[in-house]
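Below is one structure; the comments refer to it alone.
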Amino acid sequence: MTQFPQAFPATRMRRLRQAPWIRSLAGENVLTPADLIWAVFVHDGEDRMPVGSLPGIDRLSVKDAAKAAIRARELGIPAIALFPYIGADGKDETGSGALDPDGLVPRALKAMKDAAPEVGLITDVALDAYTSHGHDGLLDEDGTIPNDATTEKLVQQALVHVGAGADIVAPSDMMDGRIGAIRSAFEEEGFTNQMILAYAAKYASGFYGPYRDAIGSAAALKGDKKTYQQDPANSDEALREVALDLAEGADMVMVKPGLPYLDIVQRVSSAFGVPTIAYQVSGEYAQIKAAAQNGWIDGDRVMMESLMCFKRAGASGVITYFAEEAAVKLG
């Protein structure tokens, strides 16, 4: 706990707020484009496809994804997190499309890396975009997710991604032991420099709705994901999950969602001292955008305030759909 002098005059704090230059000089945290990871959706068509529940966000073609990588480089955004939209004809019960080395994500990775090799590329390792049932793993007849069989698929998916140019794989599936299995496979295949960002504290949240629309899994989802994502009531559980993923070989960890879980961001970053990424999820973005469109809030101000809150809580970086907008303002 921070210890303060007994005599800390209130007038000092007031003096340190009186003009923009002194507020900037005395500020405890600084937000820059280098703190942002741009969340980007990609699809297999030629044109941009607006996502109705995410105002201002489009699904990008492979060609436009390459342009986004160039844009990120220009704005000083260090990395892009890539998420696929797979149409119904590309889905099946086992999510086999996730393992195709010539699939949408590998082609997007190659195009983006060719266009802007300086920009880090992060891929989502999970099956939900590819399965006809919308779950992150395989699905047994009784509705349960077979952990080990799913993990085998995730390892194959991760290898496909790094083979196509992914710098970081981010397993979001929440299967037990998948970080260790992926790390072992990377070592065996010679991908010793590829990094793993573990969705270590991923909650069974109601804030994911627009994202599921964007990747095309909302209508397909059968049941919910409460058996493998974390209970929003728990915080100690998050620390145990983080510890397990780090022990298995994760290089960095994620807390998802973001703003409603700033306490988890703070606890994880303080307890482990490793890069801690917060994901400002689709529901958070959509709420800010909708309120701004209705004139209820100043959208730009709340956008920047929300991003600063992640830094204040101890996040090393933020995955956000605001990345391009915010970087322009910070520029």
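Just so it is clear, none of the values below were taken in a lab; they were calculated from the coordinates. Keep in mind that what you see is a predicted model, and the values were worked out from it rather than measured. Quick reminder, even Gly has a Cβ in these numbers, built from the backbone with ideal geometry, and neighbours come from all protein chains shown.
Observations on the structure shown:
- Subset of K113/K202; K67/K153; K256/K311; K202/K226 violating a 20 Å alpha-carbon distance limit: K113/K202; K67/K153
- Ranking P101, G299, P55 by Cα position along the charge dipole of region 32-330, where only Lys, Arg, Asp and Glu carry charges on their C-beta atoms, puts G299 farthest toward the positive end.
- Given R0 = 35 Å, the distance between the Cβ atoms of N193 and I22 translates into a calculated FRET efficiency of 0.20.
- Centre separation in Å (Cα based) which lies between region 191-238 and region 67-139: 16 Å
- Residue-wise HN-Hα couplings along region 224-231, as the Karplus relation 6.51 cos²θ - 1.76 cosθ + 1.60 with θ = phi - 60° gives them from phi, are 9, 10, 5, 7, 10, 9, 7, 6 Hz; Gly and Pro carry x.
- Total charge dipole magnitude, region 32-330, about the Cα centre, Cβ charges on Lys, Arg, Asp, Glu only, Debye to nearest 20: 940 debye
- Region 1-139 - Debye-derived log10 I(q)/I(0), Cα point model, q = 0.13, 0.15, 0.17, 0.21 Å⁻¹: -0.67, -0.78, -0.93, -1.27
- Mean shadow area of region 207-331, taken as a quarter of the surface of its Cα convex hull (nm²): 9.1 nm²
- Applying both filters, DSSP loop and at most 15 other Cβ atoms within 10 Å, to the trypsin sites (Lys or Arg not before Pro) of region 38-69 gives R48.
- Close amide H pairs (under 5 Å, H built 1.01 Å from N) link Y203 with Q230, K256, residues at least 5 positions away or on another chain.
- In terms of its C-alpha gyration tensor, the chain comes out prolate, because a/c is 1.5 or above and the ratio a/b outweighs b/c.
- Between K113, K226, K311, the Gaussian network model of the chain with springs among Cα atoms under 10 angstrom shows the greatest mean-square fluctuation at K226.
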